Amino acid sequence: MEDVFDQALVLAAPVAGLLGASPASPPSTTALWDEVLPERRWAIESAAGLGYLLSQQLVDAGEEVLDVPATLAARVRVLGSGRSQKNDPNDAFSTAIAALRQRGLRQVRADDHRAILRMLATRHHDLGALRTQAACRLHASLAALIPGGFSGRRPL
């Protein structure tokens, strides 16, 4: 059975202290973490994928965020317990351990707004091209149904 939490949000674990984040502790509550862990780094499994929004919110809040590849976290989970049980505490723990032990993990940076707008503009252009392509294919299919083809002129 898949972990419902993993589908909605990727687990995050502050490396110092091995504590896990949950929907009850969103990035807006990072001020509360200052009392508990004044010096901390966040490790997010797949920060460029499912954990993108959370990692960007943490970076915008001034936090240091590391991207832990999902394969590395899974390897730590299997080697640590001998089983690959997917649940929130195991995911947070394996992500934190992977970040503690692995050197050279990618540090998440804030995305450039121009790059995001360029991506959205490209997507908009692609959607327009797909609509035109679908209309042309439909026209060709309908024209093939008419004996002798479709001349483009309407009969009187």
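Using 0.36 nm times the number of residues separating His139 and Ala115, minus their current alpha carbon distance, what extension gain do you get?
Between His139 and Ala115, full extension yields 5.0 nm more.
Under 12 Å from a point 7 Å along the Cα-to-Cβ line of Thr122: which residues of region 54-75 have their amide N that close?
Under cut-off, by backbone N: nothing.
Each value in this text was obtained by applying a stated rule to the coordinates, not by laboratory testing. None of the values given here were measured: they were computed from a predicted structure. Neighbour counts run over all protein chains shown; Cβ positions are idealised from the backbone, glycine included.
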